[in-house]
1. Could you work out how much longer the chain between residue 156 and residue 56 gets when fully extended? Use 0.36 nm per residue separation minus the Cα distance between them, nm to one decimal.
2. Considering every pair of different Cα atoms, what Kirkwood radius, in Å, is found for the chain?
3. Where the convex hull is taken over the Cα atoms of region 1-56, what is its projected area averaged over directions, in nm²?
4. State, as an integer percentage, the relative contact order of the chain based on alpha-carbon contacts under 8 Å between residues 6 or more apart.
5. Looking at the chain, send over the antiparallel percent of its DSSP beta bridges, to the nearest 5.
6. Multiply the residue gap between residue 206 and residue 13 by 0.36 nm, knock off their C-alpha separation, and tell me the result in nm, one decimal place.
7. Helix-derived [θ] at 222 nm for the chain: sum -39500 (n - 2.57) over DSSP H runs of at least 4, divide by residue count, nearest 500?
8. If I stretch the segment between residue 85 and residue 25 completely, what's the gain in nm (0.36 nm per residue apart, minus their alpha carbon distance), one decimal?
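Values quoted throughout were computed directly from the atomic coordinates according to the rules given, and no laboratory measurement underlies them. A quick note: this is a predicted structure, and the numbers were derived from the prediction, not measured. A quick note on method: Cβ atoms are made from the backbone with ideal geometry, for glycine too, and the neighbour counts reach across all protein chains shown.
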């Protein structure tokens, strides 16, 4: 988003209210960023900017009456409880119930992505355990892996090379992205977790990929952003994108390396990729 648009949303339409530093600079919180993503999604659906505020407020009031701050928030809490108890039956029942009530894209955006982020934060703060992460990681990887394996083979869109950053072993978010990209018509070369960046230019040339999409949750070693990512951008000859929580937490070094951060909203990230590749919506 350019600065002029953000200021118009703030001043003219009252859609966002960033914090201010003593010098007058705007500070956008994670809540602001999530709201901006929702605004963009509403505009993409054809809702006029003057009607966005009403559209944002209506579902919020409905969810408030149900005691839920976001669609699916209760499922995140329930699934965390199941993961803490290593209760696969409860986890399966909760996940299936969410899929029965909400569209798959909403389940991904409002349940699975926040859940993965929460598990990572629990592990980083020592509130959770590695065992919890592994338990859910195996469960979700089996679910998503089966879907990816049985996907259709007739896509003719650009080919994307997708992999996790070096040292990143959380590949569930990458699988979620790959499935969503496939639904948009892309073809995927999926390399999975902990991928050395030096190997990627060769893969790009052999497969004629149109772009590289990297995923990360946890902070990698400093050399990844200081040396390896800039080198990849220089040698890959195609655009390089970075998604996942790391693209928010480490946005500045990613941009400095010449890559484009995508954030955690997969649909918004796919739109940015399409724009960069010059594709029609």
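1. Values: separation 100, 0.36 × 100 = 36.00 nm, distance 3.57 nm.
Between residue 156 and residue 56, full extension yields 32.4 nm more.
2. Details: mean 1/r = 0.0497 Å⁻¹.
Computed over the chain, the radius equals 20.1 Å.
3. On the way: hull surface 15.3 nm².
Seen from a random direction, the Cα hull of region 1-56 projects 3.8 nm² on average.
4. Values: 347 pairs, mean separation 32.6, N = 281.
Here the relative contact order equals 12 percent.
5. Details: 2 of 19 bridges.
Roughly 10 percent of the beta bridges in the chain run antiparallel, per DSSP.
6. Values: separation 193, 0.36 × 193 = 69.48 nm, distance 4.88 nm.
Once the chain is fully extended between residue 206 and residue 13, it gains 64.6 nm.
7. Values: 14 runs with 152 residues, N = 281.
Taken over the chain, the calculation gives -16500 deg cm²/dmol.
8. On the way: separation 60, 0.36 × 60 = 21.60 nm, distance 4.51 nm.
This chain segment gains 17.1 nm when fully extended.
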